[in-house]
Number of protein chains: 2
Amino acid sequence: MSKLKLNITISLDGYSAGPDQSTQHPLGIGGEQLHQWLLPLKAFRESHGEEGGEVNASTPFAEDILAGAGATIMGRNMFGGGPGPWDGAWNGWWGDDPPFHHPVFVLTHHPREPLELDGGTTFYFVTDGIESALEQARAAAGDRGVSLGGGASVAQQYLAAGLLDEVVVAVVPILLGGGARLFDNLGGAPPRLEQVEAVGAPGVTHIRYVRTG
Amino acid sequence: MSKLKLNITISLDGYSAGPDQSTQHPLGIGGEQLHQWLLPLKAFRESHGEEGGEVNASTPFAEDILAGAGATIMGRNMFGGGPGPWDGAWNGWWGDDPPFHHPVFVLTHHPREPLELDGGTTFYFVTDGIESALEQARAAAGDRGVSLGGGASVAQQYLAAGLLDEVVVAVVPILLGGGARLFDNLGGAPPRLEQVEAVGAPGVTHIRYVRTG
């Protein structure tokens, strides 16, 4: 059965987004600093149709994020468009050719028809919970993994339910001082993790954990 | 001027102690797991008069903790003995020959005479604030560094005041789910940090940061 993996960047104080998230500031105030390790990389630029860029110790982690999965699950806030029933004009942050190139399952309370965009990305809107989304994503991913895109709230739900098999955190040297904390609200019996890899790269440390219980 | 450095172990969810700290559980419930990377090391065992032990990628970080400083600053809770005026019978957690072997400045609201123990460790009780403690510790450390021992509250105060020059975190693969968070209550303008080193070791990742603003 394909594994569910979370790749996520957090600040040193544990936030995966800064305070005051909004349509204008999808990652909250200061949150755009979180991904400064990723954006200059050749692997990232190529996936967005741009040339040039850096190759460094972060490259395998970027490649894993960008091309490692056969399906993605994300929360409503990560897809964007504000809360409440859907405004049909909102098709996500990523333009006509999103960088996923596989089915993406968006957890939401509000039904919506699937949204097929260019390059193999179709967004499916799942209203019957995290387990249903995982089941659908696994079916879509075949023998590849399922990526948990975020944000923090969705990641917490999968973690607390013991459904996340692997977590790869990128810890960046910033203190956001507020926002959405990834490892929070984990309930009374947090999962057991084992550290399997740690790599220092320019401006970021990558740590890979697998769930052992 | 000698630098003020914090070496501290945190769980993946950012806690430097578990919930419900007490005299019986000085590191809170589950907090004793935090230092499992340190205790089996030869460097640690030797500093406590024991033989044998492991040598691995954590060894330089353990040596830095154990012998890197000329003075230490710690909070009242880390010295222990419960809150309020001093019970003269409490001489810390470490027995007659504490592993510091240099002057230790304990931040407290309650005055107490200096406590000289074996092996070069004298505890001084500082009642006039973090800046006074740092000044006294620097004078005592000479050309060596000053170590900030913790706990979280004291570390936050030095961080928020911009007085901490270097932070070395040991991130261990446990989720405590509650307790004292190191990087919290940092005020409106958290310090700027630069990552200068990251090392994966068995069951822990060490990351060194220096303050740049």
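The values are calculated or read from the model by the stated rules, or taken from the named source; none is laboratory data. Because the structure is a prediction, the values reported are computed rather than measured. In this analysis, Cβ positions are derived from the backbone assuming ideal geometry, glycine residues included, and neighbour counts consider all displayed protein chains. These area figures cover heavy atoms from the full protein model, side chains too; ligands, DNA and RNA do not enter into them. Shrake-Rupley method; radii C 1.70, N 1.55, O 1.52, S 1.80 Å.
Mean sequence separation of contacting Cα pairs (under 8 Å, at least six apart), scaled by the length of chain A, corresponds to a relative contact order of 30 percent.
Answer rounded, prolate or oblate for chain A, using the Cα gyration tensor with square roots of eigenvalues a ≥ b ≥ c: rounded when a/c is under 1.5, else prolate when a/b is larger than b/c, else oblate. Rounded, because the longest to shortest axis ratio a/c is under 1.5.
Summary value for segment A:20-102: 24 percent relative contact order, contacts being C-alpha pairs under 8 angstrom separated by 6+ residues. Taking the centroid of alpha carbons for each part, segment A:1-30 and segment A:138-213 are 11 Å apart.
Calculated FRET efficiency, B:A89 and B:E54, Cβ-Cβ r, R0 35 Å, to nearest 0.05? After rounding to 0.05, the efficiency reads 0.45.
When the Gaussian network model of chain A links Cα atoms closer than 10 Å, the mean-square fluctuations of A:G129, A:G88, A:G178 top out at A:G88.
In the assembly of identical copies, A:Q36 has its label point, taken 7 Å from Cα in the direction of the beta carbon, separated from the corresponding points by 3.6 nm (ascending, one decimal). Accessible surface calculations at 1.4 Å, restricted to protein heavy atoms, place chain A at 45 Å² per residue. Of the residues B:A160, B:A69, B:A89, the one that moves most in a GNM of chain B with alpha-carbon contacts below 10 Å is B:A89.
Ligands, DNA and RNA left out, the accessible area of chain B computed with a 1.4 Å probe is 49% carbon and sulfur.
Residues of segment A:13-43 that lose at least 20 Å² of accessible area (1.4 Å probe, protein heavy atoms only) when the other protein chains are present, relative to their chain alone, are A:D13. Using the Karplus relation 6.51 cos²θ - 1.76 cosθ + 1.60 with θ = phi - 60°, the per-residue 3J(HN,Hα) values for segment A:14-26 come to x, 8, 9, 7, x, x, 6, 5, 7, 4, 6, 10, x Hz, with x marking Gly and Pro. Seen from A:D165, the other residues with C-beta closer than 12 Å to its C-beta sum to a net charge of +3, counting Lys and Arg as +1 and Asp and Glu as -1. For B:K42, the shell of other residues with beta-carbons less than 11 Å away shows a net charge of -4, using +1 for Lys and Arg and -1 for Asp and Glu. Association of chains A and B removes close to 2000 square angstrom of accessible area from solvent, both sides included, for a probe radius of 1.4 Å. In a Gaussian network model over chain A where Cα atoms closer than 10 Å are linked, find which of A:I130, A:I73, A:I29 has the largest mean-square fluctuation. Highest fluctuation among the options: A:I29. Shape analysis of segment A:141-213 places it in the oblate category; the axes a ≥ b ≥ c from the Cα gyration tensor give an a/c of at least 1.5, with a/b not above b/c.
Potential lengthening of the chain between B:E63 and B:L163 amounts to 33.7 nm, from the contour at 0.36 nm per residue minus the alpha-carbon distance. Only beta bridges with both residues in chain A are counted; by DSSP, about 45 percent of them are antiparallel.
The dipole here belongs to chain A: it is taken about the Cα centre, uses +1 on the Cβ of Lys and Arg and -1 on the Cβ of Asp and Glu, and is about 560 debye. With helices as the sole contributors, the protein assembly as shown gives -5000 deg cm²/dmol at 222 nm; each DSSP H run of n ≥ 4 counts as -39500 (n - 2.57), and the sum is divided by every residue. Look at the alpha carbon pairs under 8 Å that are at least 6 residues apart: their mean separation over the length of segment A:90-143 gives a relative contact order of 34 percent. Oblate is the label for segment A:102-167, because a/c, from the alpha-carbon gyration tensor with a ≥ b ≥ c as root eigenvalues, is 1.5 or above and a/b does not exceed b/c.
Here the extension length gained between B:M1 and B:T212 equals 74.3 nm, from 0.36 nm per residue of separation less the Cα-Cα distance.
Net charge near A:I174: determine it from the other residues with C-beta under 13 Å of the C-beta of A:I174, scoring Lys and Arg +1 and Asp and Glu -1. Taking every other residue near A:I174 into account, the sum is -1.
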